[in-house]
Amino acid sequence: MKNLFLCIFASLLVMGCKEEPKRTNYIINGTAKGVYNGVRVHLNSIDEKGKDRLVKTQMIVNEQFTFEGEMQTPSLYNITVNSIPGKLPFMLENSEIDININKGRILSSEITGSKSQKKFETYKTGLNNIEKEILPVRTAMRNARLQKNTAKQDSILKRLEVLNNKKTQYTLDFIDSNKDNFFSLFIIGEELKKPNLDIEKYMEAFNNLSSTVQTSRDGVAAKLRLEKLYRAYTKTTSLEIGKVAPNFEAPNADGEMVALNDLKGKVTIIDFWAAWCGPCRRENPNVVKIYNEYHSKGLEIIGVSLDGSRGQKDPKKAWLDAVKKDKLTWPQVSYLQYFNDPVAQLYNINSIPATYVLDKDGKIAAKNLRGYALRLKVEELLQK
């Protein structure tokens, strides 16, 4: 009896110490008919710039390969096979996914088992149908340009605009119909890479996603990107022609704060310049002539100096010496922080000389005018 208990106890120990089966969150079961043993298959993630990043590599054995791992959220990956040209994009998520590689054309491979993949394929089909409509219109536009047919180009351009709007609306409608699917989040991420994005619409689309999608790791990252783009967008739109110029305060040479709003009710030129800027210094005599001629008729100028570069030993002295030498008698302000000047950043100044011309209501009437063009604009605004 004693021996029997010992045997049972030993058996329990063996069973208790046995390694539990490893839990995997995704399994890719791959089939590659006609592909030789030893050929390598690569699983790649795709970064924000669209570049591949190798995640795992497996070798084909008996026309089979397997990938296992874990995903935080579904995301676009691709598979490449050394002996097959091209790559196979697909939505990878925590599920069992079967991939049947087409040796002749990898994009024709079959993928099953991923819910996000189904949405991906549905979305691509709809988008491709619109692209088929756009293609002949683009061809017609090229021909019209070769023929220099302006009237035809205008007509085709309107058609292109309609189709591009249709494409955008299809994307937004798809996202709206799939609020709880992570593929919608992926679409928003892809759209954020495009220029001329309607950021307000995609901000709204993101805010309409389910809380599960929004609060995921990828959702939080997408929100940060959206907010950054939205801030840049609002900053740019506030500087469009017809918008009221943003107010600012900056110190003059004596450290006293001067505000743009102090000049309200007059035609005003905001002149961004610096002592070290050759083109600015060459333009200054023209600005002086305009100021001397029109100041008594209601023109004001406020100079914003971007002195403070590393090459200047004494930026303030250089600034004030230039003011005196060039006879700039209107208000001058500067934080002496080069292009990091808060006013320059508020007005998106990336190069100088740069000017903003404001009407009597403080609205932006023109930008970056010089010479005779600046004079004509000032005359026009003063006559209103």
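The values are calculated or read from the model by the stated rules, or taken from the named source; none is laboratory data. Quick caveat, the model's predicted, so the values are computed rather than measured. Note that each Cβ is placed from the backbone with ideal geometry, even for glycine, and that neighbours are counted across all protein chains shown. We work out accessible area using only protein heavy atoms, side chains counted, and drop any ligands, DNA or RNA first. Shrake-Rupley method; radii C 1.70, N 1.55, O 1.52, S 1.80 Å.
Note on the chain: Rg/Rh from C-alpha atoms, Kirkwood Rh, equals 1.19.
Measure off, as a whole percent, the carbon and sulfur share of the 1.4 Å-probe accessible area of the chain, all protein chains present. Of all accessible area on the chain, carbon and sulfur atoms account for 51 percent. Based on DSSP H segments of at least four residues, each scored -39500 (n - 2.57), the chain has a per-residue ellipticity at 222 nm of -14000 deg cm²/dmol. For Val55, the residues whose amide H sits under 5 Å from its own are Leu43, Asn44, Ser45, ignoring neighbours fewer than 5 places away on the same chain, with H placed 1.01 Å from N. When you restrict to C-alpha pairs under 8 Å that are six or more residues apart and normalise by the size of the chain, the relative contact order lands at 11 percent. What does the charge count near Asn181 come to, summing +1 for each Lys or Arg and -1 for each Asp or Glu among other residues with Cβ under 15 Å from its Cβ? Around Asn181, the charge tally is -2. For the chain, build the charge dipole from Cβ charges (+1 Lys, Arg; -1 Asp, Glu) around the Cα centre, then report which of Thr237, Val137, His295 sits farthest towards its positive end. Checked the options; the winner is Val137. Our coupling estimate for segment 346-352, obtained by passing each phi through the Karplus curve with A = 6.51, B = -1.76, C = 1.60 and θ = phi - 60°, is 4, 9, 6, 7, 10, 8, 9 Hz, Gly and Pro reported as x.
For the chain, the longest principal axis of the C-alpha atoms and the axis of helix 115-146 are separated by about 40°.
Along segment 162-172 the Karplus relation, 6.51 cos²θ - 1.76 cosθ + 1.60 evaluated at θ = phi - 60°, assigns HN-Hα couplings of 4, 5, 5, 5, 5, 5, 5, 5, 4, 5, 5 Hz to successive residues, with x for each Gly and Pro. DSSP assigns beta bridges within segment 20-112; of those with both partners inside it, close to 85 percent run antiparallel. Over all directions, the projected convex hull of the C-alpha atoms in segment 159-267 averages 10.9 nm² in area. Lys-Lys pairs in segment 312-384 that are eight or more residues apart or on separate chains and whose Cα atoms lie under 16 Å of each other come to 9.
Ranked by the mean number of other Cβ atoms within 10 Å of their residues, highest first, the peptides 364-372, 152-160 come out as 364-372, 152-160. Along the axis of the charge dipole computed for the chain (Cβ charges of +1 for Lys and Arg, -1 for Asp and Glu, origin at the Cα centre), the listed residues Leu88, Gln147, Gly113 are led at the positive end by Gln147.
Short to long, the 5 Å bins of the Cα pair-distance histogram for segment 225-384 hold 2, 9, 19, 22, 21, 15, 8, 3, 1, 0 percent of all pairs. For segment 243-355, a crude dipole built from +1 on the beta carbon of Lys and Arg and -1 on the beta carbon of Asp and Glu, taken about the Cα centre, is about 300 debye to the nearest 20. Net charge in the neighbourhood of Leu224 (other residues with Cβ under 13 Å of its Cβ; Lys, Arg +1, Asp, Glu -1) is +2. Helix 2-17 and the longest principal axis of the C-alpha atoms of the chain enclose an angle of approximately 30°.
Angle of helix 217-237 to the longest C-alpha principal axis of the chain, folded into 0 to 90 degrees and rounded to 10: 20°.
Summing +1 for each Lys or Arg and -1 for each Asp or Glu among the other residues whose beta-carbon sits under 13 angstrom from that of Lys266 gives +1.
Among beta bridges identified by DSSP and lying wholly in the chain, the antiparallel ones come to about 75 percent. Think of each Lys and Arg Cβ as +1 and each Asp and Glu Cβ as -1; about the Cα centre, that makes the dipole of the chain roughly 1120 debye. Straight-line cross-link reach from Lys235 at under 17 Å between alpha-carbon atoms covers these aspartates and glutamates, not counting any fewer than eight positions away in the same chain: Asp198, Glu200, Glu227, Asp341. Here, segment 65-202 yields an orientationally averaged convex hull projection of 11.0 nm² when only Cα atoms define the hull.
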